[in-house]
Amino acid sequence: MTSGAGSPEQIATADVAVIPPIPGHESLSYAVPPVLEHRLREGMRVLVPLGRRRVTGIVVGRSRATPAVDLRPVLDVLDDDPLLSSDLLELCRFAATYYMSSLGEVLSTAVLAGLRAESRRTVRLAAHGPNTRLGSLEQEIVRHLPPERPVRVSTLARMVRSSGLHASLRSLAERGIVVLEEEPPVAAARARLERVYRLARHPTADELDTLARRAPAQRATLDRIREAGDRGVSSAVLPAADSAVRALAVRGLVTIERREVYRPVTEAAAALAPPSPTTAQKQAIDAVLAAASAARFETFLLRGVTGSGKTEVYLRAAEDVLARGGGVLMLVPEIGLTHALVAVVGARFGPSVALLHSALSPGERWDEWRRLARREARIAIGVRSAIFAPVPDLGLVIVDEEHDGAYKQEDGLRYNARDLAIVRARNASCPALLGSATPSIESHRATLTGRYRALELADRIERRPLPTVELVDLRIEPPEGTPRIFARRISDALADNWAAGGQSLVFLNRRGYANYLQCGVCGHVPGCPNCTVTLTFHLRSRLLRCHHCNYRLLAPDLCPECSGPTLRNFGVGTEQVEIALRAALPRARIARLDRDTTAKRGALRRLLDDWRERRIDVLVGTQMVTKGHDVPGVTLVAVVAADQVLNFPDFRAAERTFQMLAQVAGRAGRGDQPGRVLIQTYRPTHYALTAAAKHDFLELVDRELPQREALGYPPFSRLVNLRLDGVDSARVEELARALADALRSGVRLLPPSGAASVIGPAPAPLERLRGRYRWQILVKSKDPPTLRAVIRPALEAIERRARSRGVRVAVDVDPYGVL
């Protein structure tokens with residue numbers, strides 16, 4: 001790798017962006033001791049002092065510190081090779097600029113959490129114990145310290161909630177009452193090593209005879225090692241032979257070595273013969289490969305109806321790029337919901353595939369990261385964080401279901417992995433292939449303006465028909481029965497489909513049993529004390545739960561306000577739908593797929609396997625069931641409440657509703673039997689629903705684009721949402737108004753060529769979350785540099801005031817969540 005910091009011999013000081021991020025710092029300068037100079041390169045992890053701690057940093061270039069500055073030294077270099085290549089550092093720098101973040105925060109997102117080592121301070125009682133009078137806080141500290149072992153200061157802080165904790169600890173240490181120490185920093189992700197036994201020399205005939213007579217276990221072990229030859233025998237193969245191997249090593253017959261082994265994260269899949277591409281697939285493949293073979297950056301938007309074979313286009317393009325020595329990065333919205341896709345990719349490319357997602361252990365992710373960096377794997381498949389995967393010689397970037405909101409990070413560094421994927425492809429001079437049956441309106445308009453090139457798969461594989469879609473008007477045909485969930489047409493359809501041997505999918509994007517409980521006498525509704533939301537009722541656990549902060553409360557028998565016995569459930573959740581279906585179809589095999597039923601590791605995979613193997617007749621699920629599942633037996637889809645997303649306070653509500661309905665409808669009719677979709681709604685004439693009923697994406701676009709243009713919303717502008725939060729509502733509002741004033745002052749200073757508008761401040765739609773009050777300000781402009789020119793000075797103007805008042809400010813560029 002060519003280092004931007006120069007050759008190792010030339011580095012005298014280095015810029016180090018510290019992880020975890022330090023607010024206000026792009027990088028910190030450290031001196032490089034001569035003993036480390038020959039090892040240090042840009043992109044490597046180093047151990048550096050930060051205050052009283054020792055933390056992990058990433059070398060990002062030469063220091064700009066003046067020679068007169070007395071710099072603290074780098075303590076150690078943690079890698080033999082750069083962890084981040086020059087192209088990944090370039091991507092991180094772009095993300096820091098575009099998302100108005102510090103480089104340190106971007107690096108803390110890019111680098112696997114298990115690789116960030118940080119020393120931890122501990123405190124223990126001194127051997128002689130207290131011998132002076134202690135204050136009340138000091139007495140509380142000493143009470144929480146066990147006599148026999150140290151306690152981490154961070155743990156003690158959770159037990160002793162006082163702002164004077166650290167000052168009291170220093171005072172106690174100075175008086176010899178406690179001892180403060182630093183634990184050495186240890187990263188969670190480490191290489192797994194195994195012992196390997198090899199023959200050191202050939203035994204003589206006398207030695208073999210002696211072992212056979214006096215140590216038969218050693219002779220048997222030696223025979224196994226001799227049979228293995230140069231490759232040796234792993235300790236995993238001879239787990240009970242430790243003592244025998246040690247004895248053979250003492251005799252000089254065997255050597256014991258250590259070698260690194262990878263932790264398996266995917267199961268071996270049988271290779272399958274690829275299907276012949278259709279004419280439309282071949283046209284799409286040829287277009288992408290023309291750009292790939294010419295090493296030309298181009299963004300393609302592949303719009304293919306559900307079941308049209310987009311995955312085969314991805315695989316054929318990837319196959320060609322790999323054959324020419326290139327690497328491939330493939331992003332998927334949620335790895336747990338697309339393991340069928342992962343299995344297909346694994347079957348096609350075998351051990352060349354590395355998998356990256358948060359459900360892996362730190363060690364597993366580290367193994368996959370290094371397999372890529374070492375070129376042992378050349379195709380990375382993962383969720384949004386995989387955008388930072390070290391894919392060498394990148395020749396193709398694929399983003400499946402490019403419209404999916406899961407690509408947008410909603411906390412920390414609020415980046416969109418789909419957008420960074422395009423930037424990464426541009427930096428690597430290779431094509432970016434975005435695929436979806438329901439593209440985002442932003443991506444579609446990019447094809448109209450020539451920024452993206454449109455590709456289309458208009459028909460399903462084998463010309464299977466798209467399912468018929470019917471809108472059930474609940475104004476005319478209200479839900480019936482107890483509980484009132486399904487219109488009769490849907491109840492009858494579910495019963496008929498089960499009797500005919502078909503599988504049914506029932507979709508409701510709300511888990512739990514009921515939306516809320518309400519007293520029939522006084523009207524009281526139990527709400528979350530930390531968030532401005534009602535508590536969702538879960539029948540099986542008898543819990544009221546907040547799905548934002550996970551506050552839980554045992555459902556009371558009596559109303560907490562008036563003590564009346566009239567608490568009733570209102571609204572419908574997936575748990576209630578499941579119970580109603582079991583009552584209506586007592587002999588059907590019914591299951592539920594939502595966050596509650598898939599919390600345990602492996603539960604989701606087992607449930608989906610049962611679904612594909614037809615061990616489930618009716619599956620009830622939330623939005624998790626809409627993504628990437630190809631189950632040929634599904635012939636009926638029923639949507640319980642199509643209006644939920646449509647009524648959100650979000651300018652993308654119609655787009656999201658169409659995408660949700662089109663995706664869930666696409667689960668039906670993928671086999672030999674045609675599919676049918678029934679959608680319950682109180683708004684059957686809304687264009688998002690009528691377009692979904694006709695599978696007509698362009699009808700949605702024709703209605704949405706003029707409205708967006710008139711209101712100045714994306715794709716006709718860029719948005720930045722500035723959200724302030726704190727425990728004191730008045731302080732948050734005060735700072736929000738001050739920030740809005742500073743933003744408007746900046747807008748007035750813009751040249752005539754620039755234009756921006758400031759909307760707000762106003763309370764966020766969810767005004768209180770996890771005990772913190774939230775206000776927000778929206779800034780709009782057609783030009784991202786203009787937004788940065790207005791926002792950065794305004795943030796700097798109030799930064800110190802916000803910190804002193806305990807108010808946090810989050811910058812969300814291109815926000816995707818509910819505004």
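The values are calculated or read from the model by the stated rules, or taken from the named source; none is laboratory data. The structure displayed is predicted, hence computed values, not measured ones. Cβ: placed from backbone, ideal geometry, glycine included. Neighbour counts: every protein chain shown. In case anyone asks, the SASA skips ligands and DNA or RNA and just uses the protein heavy atoms, side chains included. Shrake-Rupley method; radii C 1.70, N 1.55, O 1.52, S 1.80 Å.
General remarks:
- For first residues located in region 614-633 and free of Cβ contacts under 8 Å to residues at least 40 places away in the same chain, partners that are part of a loop (DSSP other than H, G, I, E, B) and open to solvent by 10 Å² or more (accessible area, probe 1.4 Å) and lie 6+ apart or on another chain with Cβ distances below 8 Å form the pairs ARG615/ARG589.
- GLN663 being buried (at least 22 other Cβ atoms within 10 Å of the Cβ) and not in a strand (DSSP E or B): yes
- Residue list for region 90-126, restricted to those being modelled with pLDDT of 85 or more, closer than 19 Å to PRO49 by Cα and assigned to a strand (DSSP E or B): THR122
- Residue check for GLU257: within 19 Å of ALA377 (Cα to Cα) and open to solvent by 70 Å² or more (accessible area, probe 1.4 Å): no
- Every test in (1) assigned to a loop (DSSP other than H, G, I, E, B); (2) under 21 Å from THR97 (Cβ atoms); (3) small (Gly, Ala, Ser); (4) touching a residue at least 60 places away in the same chain (Cβ under 8 Å) is passed by GLY754 save one, and that test is (4).
- Some residue of region 618-628 being at negative phi and more than 31 Å from the chain's Cα centre (by Cα): no
- Residues satisfying the stated conditions in region 505-559, i.e. more than 26 Å from ARG589 (Cβ to Cβ), crowded, with 18+ Cβ neighbours inside 10 Å, at pLDDT 75 or above and among the polar types (S, T, N, Q): GLN518, THR534, THR536
- Residue check: GLU376 meets all listed conditions (1) modelled with pLDDT under 95; (2) part of a helix (DSSP H, G or I); (3) open to solvent by 10 Å² or more (accessible area, probe 1.4 Å) but one, namely (2).
- Options ASP725, ASP702: the member that is farther than 20 Å from THR786 by Cα, surrounded by 15 or more Cβ atoms within 10 Å (Cβ to Cβ) and acidic (Asp, Glu): ASP725
- Scanning region 350-360 for residues that are at pLDDT 90 or above and either in a helix (DSSP H, G or I) or of a type in the set (Gly, Ala, Ser) (or both), we see that the one that is farthest from ILE387 (Cα to Cα) is SER352.
- Helices (runs of 4 or more DSSP H) within region 144-232 that include 2 or more residues in contact with a Phe, Trp or Tyr (Cβ under 9 Å, 6 or more places away or on another chain): 216-228
- Residue that is farthest from VAL701 (Cα to Cα), among those in region 634-654 that are of a type outside the set (Phe, Trp, Tyr), in a loop (DSSP other than H, G, I, E, B) and open to solvent by 10 Å² or more (accessible area, probe 1.4 Å): VAL640
- Considered as a group, the residues in region 276-312 that are free of Cβ contacts under 8 Å to residues at least 24 places away in the same chain and charged (D, E, K, R) include one that is most open to solvent (accessible area, probe 1.4 Å), and that residue is LYS282.
- The residue pairs whose first member lies in region 492-503 and is of a type in the set (Asp, Glu), whose second member is open to solvent by less than 70 Å² (accessible area, probe 1.4 Å), and whose beta carbons are closer than 9 Å, counting only pairs six or more residues apart or on different chains, are ASP496/GLY502; ASP496/LEU636.
- Meets criteria (touching a helix residue (DSSP H, G or I) at 6+ places or on another chain (Cβ under 6 Å) and open to solvent by 10 Å² or more (accessible area, probe 1.4 Å)) for GLU319: no
- Note on region 786-802: among residues that are touching a residue at least 40 places away in the same chain (Cβ under 8 Å) and open to solvent by 40 Å² or more (accessible area, probe 1.4 Å), the one that is farthest from TYR415 (Cα to Cα) is ARG801.
- Taken over region 586-605, the criterion of being among the hydrophobic types (A, V, I, L, M, F, W, C) and either surrounded by fewer than 17 Cβ atoms within 10 Å (Cβ to Cβ) or more than 18 Å from the chain's Cα centre (by Cα) (or both) is satisfied by ALA588, ILE590, ALA591, LEU593, ALA599, ALA603.
- Being closer than 25 Å to GLY405 by Cβ, open to solvent by less than 40 Å² (accessible area, probe 1.4 Å) and of a type in the set (Val, Ile, Thr) is a property that VAL353 lacks.
- Unmet requirement for PRO715, which otherwise passes all of (1) farther than 30 Å from TRP775 by Cα; (2) touching a Lys or Arg at 6+ places or on another chain (Cβ under 7 Å); (3) part of a loop (DSSP other than H, G, I, E, B): (1)
- Failed item, numbered, when ALA668 is tested on (1) open to solvent by 10 Å² or more (accessible area, probe 1.4 Å); (2) of a type in the set (Gly, Ala, Ser); (3) in a loop (DSSP other than H, G, I, E, B): (1)
- Check on LEU766, under 20 Å from ASP728 (Cα atoms), aliphatic (A, V, I, L, M), modelled with pLDDT under 90 and open to solvent by 20 Å² or more (accessible area, probe 1.4 Å): yes
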